[in-house]
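These notes are about the structure you will find just below.
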Amino acid sequence: MTPDPTLYARENIRTLQPYASARDSVAADANLTLLDANENPFGDGMVNRYPDPVQGELRDAYARIKGVNPEMVVFGNGSDELIDLSIRIFCEPGKDAIVVCPPTFGMYKVSATANNVDVRSVPLMEPDFSLDTAGVMAASKGAKMLFLCSPNSPTGNILNREDMLLLIRTFDGIVAIDEAYIEFTQEESCTSLIAQYPKVIVFQTFSKYWGLAGARVGAVLADSRVADLFRRTKAPYNVNNLSARAALQALGAAEQKEQEKEILLAEREKLAEVLSGLSFVSYVFPSVTNFLYMRTAPGAGERVYSFLFARGIVIRNYGGAVDHLRISVGTPDQNRALTAALNDFSSTLS
Ligand SMILES: *Cc1c(COP(=O)(O)O)cnc(C)c1O
């Protein structure tokens, strides 16, 4: 018997009566005369009608591609919304805590803090940004959620599966695994762990591999009982019709997305080589994603950043005690421009 993961949810969420929306029982169907939602009847149905609250068509298509049961999938207005929602579902404000492993995605901490939920940080371990499993286990006592990001941003590495499994087995709470970059890797998704460990929830997104950052569509994949908590707690129409259509079209263009991925991965390798050869770059971390993370000589990060910015090239500067930069892999043309600018910066040093 797997324990019921909904027992980790806040009592008021477990007993929440969801909003009964007009589109719950009947999807907007062109063959129906819909006079139930006070919509404006003039229009073609694409935007004058409310969206499907259970996101059925997109859910079925996504579940098929990801090899999961459709009941396990809920979409949000980006995974940002779902991260926030997960904290609202499981963490009691002013009482509960989450554990995060920096350097990592900043939204876990922002959402926790916005919800008055404590954040305990257990840094990833240098030099490879692996999990400090003993540290996480020590810090996890009484915490409600553990956030793991694999592949991790900004560092670009995948977390060791055995390390994650150890934490999943020992942590008494919800383990949220952010897989925003999973499609760029050969790794198996952690969704395959949900059947055995229903306390695992997985975030994915249309913002990176699928190329729809502007459409704002994220997904949470979870045990169907947990997915039901998300469905009942979210705003009923949180993914709009235009974005759902864009997401469906992207899923239908899987071959094109794979080709784009291959280009980005080949470009990443070229870029990594260029960066490694630069005198002011002390280390380029191995990446399984569509970005590269690097350490520069002390003080160089800020100057490279400003130099590139003046050329109209914007990268991410992490500063800190030692300088770290993150660069997204662009098109071949963009990467050529970046390479030229970096070489120019190099020559200002000699
Ligand atoms: C980009 C990114 C996301 C995606 O967030 P959306 O709200 O879906 O755009 C989530 N997690 C990480 C680690 C990311 O880098």
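For the range 122-272, what proportion of DSSP beta bridges, expressed in % and rounded to the nearest 5, is antiparallel?
40 percent
Just to make sure I understand: if all protein chains stay in place, what is the order of Val74, Val274, Val68 by accessible area at 1.4 Å, largest first?
Val274, Val68, Val74
Given a 1.4 Å probe and every protein chain left where it sits, what share in percent of the accessible area of the chain is carbon and sulfur?
Working: 8600 of 16280 Å².
Ligands and nucleic acids excluded, carbon and sulfur give 53 percent.
Measure out, as a whole number of angstrom, how far apart the alpha-carbon centroids of the range 178-215 and the range 132-150 sit.
20 Å
Between Ser350 and Asp4, what length comes free when the chain is fully extended (0.36 nm per residue of separation minus the Cα-Cα distance, one decimal in nm)?
Result for the pair: 118.2 nm of gain on full extension.
Check the straight Cα-Cα distances from Lys109 and name the aspartates and glutamates below 14 Å, setting aside those fewer than 8 residues away within the same chain.
Asp80, Glu81, Asp84, Asp96, Asp118, Asp178
Let me know the Kirkwood hydrodynamic radius for the range 1-153, please, with Cα pairs as the basis and the value in Å to one decimal.
Working: mean 1/r = 0.0537 Å⁻¹.
Every distinct Cα pair counted, the radius reaches 18.6 Å.
For the range 133-204, what percent of Cα pairs sit more than 19 Å apart?
That fraction is 29 percent.
Run through the range 61-149 and list the trypsin sites (Lys or Arg not before Pro) located in a DSSP loop whose Cβ has at most 15 other Cβ atoms within 10 Å.
Details: sites: Arg64, Lys66, Arg88, Lys95, Lys109, Arg120, Lys141, Lys144; in loops: Lys95, Lys141, Lys144.
Filter output for the range 61-149: Lys95, Lys141.
According to the Cα gyration tensor, what semi-axes, each the square root of 5 times an eigenvalue, does the equivalent ellipsoid of the range 246-289 have, listed from largest to smallest in whole Å?
Over the Cα atoms of the range 246-289, the ellipsoid semi-axes are 31, 9, 7 Å.
Among the GluC sites (Glu not before Pro) in the range 106-212, which ones are in a DSSP loop with at most 14 other Cβ atoms within 10 Å of the Cβ? Mind listing them?
Sites meeting the loop and neighbour criteria: Glu188.
Using only the heavy atoms of the protein chains and a 1.4 Å probe, how would Thr113, Thr191 rank by accessible area, largest first?
Thr113, Thr191
Can you give me the pair-distance distribution of the range 1-76, C-alpha pairs, 5 Å bins, whole percents?
3, 12, 16, 16, 17, 17, 9, 6, 3, 1, 0
Relative contact order for the chain: what percent, with Cα pairs under 8 Å and sequence separation of 6 or more?
17 percent
Could you compute how much accessible surface Thr233 exposes when probed at 1.4 Å, giving the result in Å² to the nearest 10?
Result for Thr233: roughly 30 Å² accessible.
Given a Förster distance of 51 Å, report the FRET efficiency between Ser224 and Ser282 from their Cβ-Cβ distance, rounded to the nearest 0.05.
After rounding to 0.05, the efficiency reads 0.60.
List the pairs from Lys66/Lys95; Lys95/Lys257; Lys66/Lys234; Lys199/Lys270 whose alpha-carbon separation is above 32 Å, in the order I gave them.
On the way: Lys66/Lys95 36 Å; Lys95/Lys257 43 Å; Lys66/Lys234 22 Å; Lys199/Lys270 40 Å.
Lys66/Lys95; Lys95/Lys257; Lys199/Lys270, as the Cα separations exceed 32 Å there.
Order the following by accessible area, largest value first: Val100, Val110. Probe radius 1.4 Å; ligands, DNA and RNA are ignored.
Listed by decreasing accessible area, they come as Val110, Val100.
If you build the Cα gyration tensor of the range 250-350 and take the root of 5 times each eigenvalue, what three semi-axes come out, in whole angstrom, biggest first?
The three semi-axes for the range 250-350 are 26, 14, 12 Å.
Give the value in nm², to one decimal: projected area of the alpha carbon convex hull of the range 296-350, averaged over all directions.
3.6 nm²
What share of all Cα pairs of the range 55-122, in percent, falls into each consecutive 10 Å distance bin?
20, 38, 27, 15
Would you please report the Å³ per residue occupied by the convex hull of the alpha carbon atoms in the range 203-319? Walk me through the numbers before you get to the answer.
On the way: hull volume 19.3 nm³, N = 117.
Convex hull of Cα atoms, per residue: 165 Å³.
Which residue fluctuates the most in the chain, going by a Gaussian network model with Cα springs under 10 Å, if the choices are Asp29, Asp223, Asp60?
Asp29
May I have the convex hull volume per residue, in Å³, for the Cα set of the chain?
157 Å³
Taking a probe of 1.4 Å, how large is the accessible area per residue of the chain, in Å²?
47 Å²
For the residue pair Ser130 and Glu71, what label-to-label distance in nm results when each label sits 7 Å from Cα along the Cα-to-beta-carbon direction?
Placing both labels 7 Å along Cα→Cβ, they lie 3.9 nm apart.
Evaluate 2.2 N^0.38 Å with N set to the residue count of the range 67-178, then give the Cα radius of gyration divided by it.
Numbers: Rg = 13.6 Å, N = 112, 2.2 N^0.38 = 13.2 Å.
Dividing the Cα radius of gyration by 2.2 N^0.38 Å gives 1.03.
Just to be sure I understand: with springs between alpha-carbon atoms less than 10 Å apart, which residue in Phe42, Phe230, Phe90 has the highest mean-square fluctuation in the Gaussian network model of the chain?
Highest fluctuation of the listed residues: Phe42.
So what is log10(I(q)/I(0)) for the range 134-290 at q = 0.15, 0.16, 0.17, 0.20 1/Å, when the Debye sum runs over its Cα atoms only?
At q = 0.15, 0.16, 0.17, 0.20 Å⁻¹ the computed log10 ratios are -0.95, -1.04, -1.12, -1.31.
Suppose each label sits 7 Å from its Cα in the direction of the beta carbon; what would the Lys257-Arg303 distance come out to in nanometres?
Reported label-point gap for Lys257 and Arg303 is 4.3 nm.
The values are calculated or read from the model by the stated rules, or taken from the named source; none is laboratory data. What you are looking at is a predicted structure, and each value in this text was computed from that prediction instead of being measured. Note: ideal-geometry Cβ built from the backbone for every residue, glycine included; neighbour counts use all protein chains shown. Side chains included, ligands, DNA and RNA excluded: accessible areas come from the protein's heavy atoms. Shrake-Rupley method; radii C 1.70, N 1.55, O 1.52, S 1.80 Å.
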